[in-house]
Amino acid sequence: MLIVGQVRLPSYGSIVSAPPKPASLPTRNTPSVDEVRPQDAKQRANKVRANREQDTFCSLTMVTKTNRVVALNEMASFGVASYNIQYSLGADRRYDLKRCIDAVRDADIICLQEIDRNWRRTNMADQFAEVQAMLPDRHCVFGPSLDVDASVTSSDGVVENRRRQSGQMTISRFPIASSRPIHLPKDDTKDAMNSWCAALETVILTPDNPVRVVNLHLTDISESNRVSQISALLGICERATTEGGAWNGKEWDEASREHWQLNDPVPPMPAEMILAGDFNDESDSRTLDIMRCARFRDTWRPGPNAGAGVTFKTNPEQGTYRDMRIDFIFVSPQFQIVDSFIDESTGASDHQPVWSTLRI
């Protein structure tokens, strides 16, 4: 454990990087920043897909002592995008969910924040279902931060059960082995608006290794509340690696194992972690200091084509009078950061999408 100020937080010092390849095997040259960055954001998204397809399974072989040939596949890179879509409300004050999804659809893993279900402002739409229909070839899960009653009772007493929800949605080209919402501490702010916040943790089975993706949205009410939220979240994440996956156990007879489906593959709980989302804090904040002290790395790097580093533009209506970077993708030490950029061209939300290309 590390201590920042008065906050105890987990140290990921026990996590070790992936072992290096044997010296006898050739290694790939990672392209430089300038080599992999097109100028245009749309080209960048297409490049992410092209890199992933090109990287996939560059086979190498070696002969073991028993003369069996074992295929050794270099790790494929994959693209991650994080985007607070503000329930599809764009900078032009129009609601358009499709243009939000079009901005990030080429990523392999997509973390969306502020998804609406049964809100009057979005005409009682189920945005989770609508996004699934737009991306029918993807695996999707939803984790509500807010969940309150929106049911309607007809004149004859029949209840139409509905829940008004807002939360995070994680989308993946790869299977999602398990998911769970993690609710975070909330301050009582009296007359100032503040609502429940949650992170959505998923275990995603990429072609090479399972990874844990934590899609989060921290409160905008105060830095002190964000500090308590990120500290609580990191503590839960660290404990999870020792607690194991969604369930444990292989005991009992076969009939009992089938009854509880203990004979299904147990979802792993990998130490390899990606934390992505709306942190509502800037890089020099205590919140982000805690992330760095826990050995997580910010994937964005300044560069000629990386964008100016703005994810939330000047917006006096929301009390911001300068451009800020408050949306991040952080990774644990096992990941190699191949590329990163911020798409500052889209106006589909009040935030900008953040992209990273990663390799384990």
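The values are calculated or read from the model by the stated rules, or taken from the named source; none is laboratory data. All of these numbers come straight from a predicted model, not from anything done at the bench. Quick reminder, even Gly has a Cβ in these numbers, built from the backbone with ideal geometry, and neighbours come from all protein chains shown.
Observations, loosely collected:
- The single condition from (1) buried (at least 20 other Cβ atoms within 10 Å of the Cβ); (2) modelled with pLDDT of 95 or more that M134 fails is (1).
One line per residue, one yes/no per condition, for (1) small (G, A, S); (2) without any contact (Cβ under 8 Å) to a residue 12 or more places away in the chain:
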| residue | (1), (2) |
| --- | --- |
| D208 | no, no |
| N215 | no, no |
| E223 | no, no |
| E238 | no, no |
| A246 | yes, no |
| G249 | yes, no |
| R257 | no, yes |
| F279 | no, no |
| L288 | no, no |
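- If the condition is being over 16 Å from A81 (Cβ atoms) and either modelled with pLDDT under 95 or of a type outside the set (D, E, K, R) (or both), then segment 98-131 contributes N118, W119, T122, N123, M124, A125, Q127, F128, A129.
- Looking across segment 273-307 at every residue that is touching a helix residue (DSSP H, G or I) at 6+ places or on another chain (Cβ under 6 Å) and basic (K, R), the one that is nearest to S332 (Cα to Cα) is identified as R295.
- Single residue of segment 273-290 satisfying the filter (closer than 22 Å to D323 by Cα and among the aliphatic types (A, V, I, L, M)) that is surrounded by the most Cβ atoms within 10 Å (Cβ to Cβ): A276
- Single match in L275, L234 (criterion: assigned to a helix (DSSP H, G or I) and under 30 Å from F341 (Cβ atoms)): L234
- Residue, farthest from I110 (Cα to Cα), within segment 316-352, restricted to residues that are among the acidic types (D, E) and surrounded by fewer than 23 Cβ atoms within 10 Å (Cβ to Cβ): E317
- Residues located in segment 58-97, provided they are in a strand (DSSP E or B), of a type in the set (S, T, N, Q) and at pLDDT below 95: S59, T61, N73
For every residue, the table says whether it meets (1) out of contact with any Asp or Glu (no Cβ under 7 Å at 6 or more places or on another chain); (2) surrounded by fewer than 17 Cβ atoms within 10 Å (Cβ to Cβ); (3) within 14 Å of Q113 (Cα to Cα); (4) at pLDDT 95 or above.
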{"residue": "S179", "(1), (2), (3), (4)": "no, no, no, yes"}
{"residue": "L184", "(1), (2), (3), (4)": "yes, no, no, yes"}
{"residue": "D191", "(1), (2), (3), (4)": "yes, yes, no, no"}
{"residue": "L200", "(1), (2), (3), (4)": "yes, no, yes, yes"}
{"residue": "L205", "(1), (2), (3), (4)": "yes, no, no, yes"}
{"residue": "V214", "(1), (2), (3), (4)": "no, no, yes, yes"}
{"residue": "T219", "(1), (2), (3), (4)": "yes, no, yes, yes"}
{"residue": "S224", "(1), (2), (3), (4)": "yes, yes, no, yes"}
